[in-house]
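Undergrad: Questions regarding the structure given below will be posed in turn.
The values are calculated or read from the model by the stated rules, or taken from the named source; none is laboratory data. Every value quoted in this text rests on a predicted model; they were computed, and no experiment measured them. Here the Cβ is made from the backbone with ideal geometry for all residues, glycine too, and neighbour counts use every protein chain on show. For accessibility, only protein heavy atoms count, side chains too; no ligands or nucleic acids. Shrake-Rupley method; radii C 1.70, N 1.55, O 1.52, S 1.80 Å.
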Amino acid sequence: MPTVSTLANMAAEIEASKYFVREIEKNDGCVLRMKQCYIGDVGCVVWDAAIVLSKYLETKQFYDPSAGANVWCGRTVVELGAGTGVVGLMAATLGAQVMVTDLEDLQSLLDANIQENKSLIKSGSISAKVLKWGEDVSELLPPPHYILMADCIYYEQSIGPLVETLKQLSGPETSIICCYEQRTEGINPEVEGKFFELLQQNFRCEKIPSDKQDPEFSSPDIHILHIRRKD
């Protein structure tokens, strides 16, 4: 009969076999260790847009320890379509009070990454919640200071519900930061066009130039937008 320690080791090996890790170094030298799944849907890996957005949160316009500036400290943040949770985790390590959201089947991955990186979170906080776009957001209200979303514009059927969630979740003071990779193949341009057509009915968008982004983690085909409700 296997011993308790043997069973524990077997369980750990099985757990480890489900994941591979991507490391994202923060500006202070600490490293986010993000577990990704070998098997699963698009939310199971860290996409480039999520890295670009994560590093954008560390730029001096938001976070400049030498000047004593930290926009994130104490701010409430909701991440939509969080996937691995890297964007929300970055915000939490910078002092934000974060709720990462995604579908039910991604909650175990979100929880695993929160546990993996909890030692890096000092003054901030992070937890995960199930949210399907277009459905009730009352548990996430009042409106957060920030809504973050990376690479959420890809499924045609989800565009309408995503915009509806943004309308329900945001308030007059909410700043939405959206990062997405522009894709030119297949139906992608049509999906992006539909998203912005719906979005601009209630929101105004400002594209962030590359010189305002992280100098290393940026790309011509990855765009960052600041989005706010129209008056």
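Undergrad: Using the structure shown, decide if P144 is assigned to a loop (DSSP other than H, G, I, E, B) and either among the polar types (S, T, N, Q) or out of contact with any Pro (no Cβ under 8 Å at 6 or more places or on another chain) (or both).
TA: Judged against the criteria, P144 is a match.
Undergrad: Further, regarding this structure: Can you tell me which residue among L110, L131 is more than 30 Å from G29 (Cα to Cα) and within 16 Å of the chain's Cα centre (by Cα)?
TA: Of L110, L131, the one residue that is more than 30 Å from G29 (Cα to Cα) and within 16 Å of the chain's Cα centre (by Cα) is L131.
Yes or no, residue by residue, for (1) open to solvent by 40 Å² or more (accessible area, probe 1.4 Å); (2) closer than 11 Å to L80 by Cα; (3) not polar (S, T, N, Q):
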site	(1), (2), (3)
L106	no, no, yes
L109	no, no, yes
I114	no, no, yes
K118	yes, no, yes
I121	no, no, yes
L131	no, yes, yes
G134	no, no, yes
L141	yes, no, yes
P144	no, no, yes
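Undergrad: From the set of residues in region 202-216 that are touching a residue at least 12 places away in the same chain (Cβ under 8 Å) and part of a loop (DSSP other than H, G, I, E, B), which is farthest from K230 (Cα to Cα)?
TA: E216
Undergrad: Separate question: Do you know which of the residues in region 1-27 that are part of a loop (DSSP other than H, G, I, E, B) and at pLDDT 95 or above is least open to solvent (accessible area, probe 1.4 Å)?
TA: Ranking the qualifying residues of region 1-27, first place goes to K26.
Undergrad: Look at V163 and say whether it is modelled with pLDDT of 95 or more, at negative phi and open to solvent by less than 50 Å² (accessible area, probe 1.4 Å).
TA: Judged against the criteria, V163 is a match.
Undergrad: Next question. So the check is Cβ under 8 Å with 6+ separation or different chains; which pairs have a first residue in region 46-66 that's touching a residue at least 12 places away in the same chain (Cβ under 8 Å) and a second one that's open to solvent by 10 Å² or more (accessible area, probe 1.4 Å) and part of a helix (DSSP H, G or I)?
TA: The qualifying pairs are T59/K212; Q61/K212.
Undergrad: Quick check on my filter: what residues within region 168-201 are surrounded by 15 or more Cβ atoms within 10 Å (Cβ to Cβ) and of a type outside the set (A, V, I, L, M, F, W, C)?
TA: Q168, S170, T174, S175, Y180, E181, R183, N188, E192, K194
Undergrad: Based on this model, can you work out whether S127 counts as free of Cβ contacts under 8 Å to residues at least 24 places away in the same chain and either more than 18 Å from V46 (Cα to Cα) or open to solvent by 10 Å² or more (accessible area, probe 1.4 Å) (or both)?
TA: Judged against the criteria, S127 is not a match.
Undergrad: In addition: Test each condition in (1) open to solvent by 20 Å² or more (accessible area, probe 1.4 Å); (2) out of contact with any strand residue (DSSP E or B) (no Cβ under 6 Å at 6 or more places or on another chain); (3) of a type in the set (D, E, K, R); (4) closer than 23 Å to E23 by Cβ for K55 and report the one that comes out false.
TA: (1)
Undergrad: Give me the pairs, please: first residue somewhere in region 69-93 and assigned to a loop (DSSP other than H, G, I, E, B), second residue anywhere and surrounded by fewer than 19 Cβ atoms within 10 Å (Cβ to Cβ), beta-carbon distance under 6 Å, and either six or more positions apart or on two chains.
TA: Here the result reads V71/F62; R75/H145, each pair linking region 69-93 to a residue that is surrounded by fewer than 19 Cβ atoms within 10 Å (Cβ to Cβ).
Undergrad: Right, another one. Among the residues of region 173-194, is any more than 28 Å from S219 (Cα to Cα) and modelled with pLDDT of 95 or more?
TA: Restricting attention to region 173-194, the residues satisfying the condition of being more than 28 Å from S219 (Cα to Cα) are 173.
Remaining after also requiring modelled with pLDDT of 95 or more: 173.
Yes: one or more hits.
Undergrad: Right, next: Checking P172 against (1) under 20 Å from V52 (Cβ atoms); (2) in a loop (DSSP other than H, G, I, E, B), which test does it fail?
TA: That leaves (1) as the condition not met.
Undergrad: Sticking with this one: Would you check if G134 is small (G, A, S) and touching a strand residue (DSSP E or B) at 6+ places or on another chain (Cβ under 8 Å)?
TA: no
Undergrad: Against the definition (charged (D, E, K, R), open to solvent by 100 Å² or more (accessible area, probe 1.4 Å) and either closer than 20 Å to A91 by Cα or under 17 Å from the mean Cα position of the chain (by Cα) (or both)), how does K212 come out, yes or no?
TA: Spelling it out, K212 is indeed charged (D, E, K, R), open to solvent by 100 Å² or more (accessible area, probe 1.4 Å) and either closer than 20 Å to A91 by Cα or under 17 Å from the mean Cα position of the chain (by Cα) (or both).
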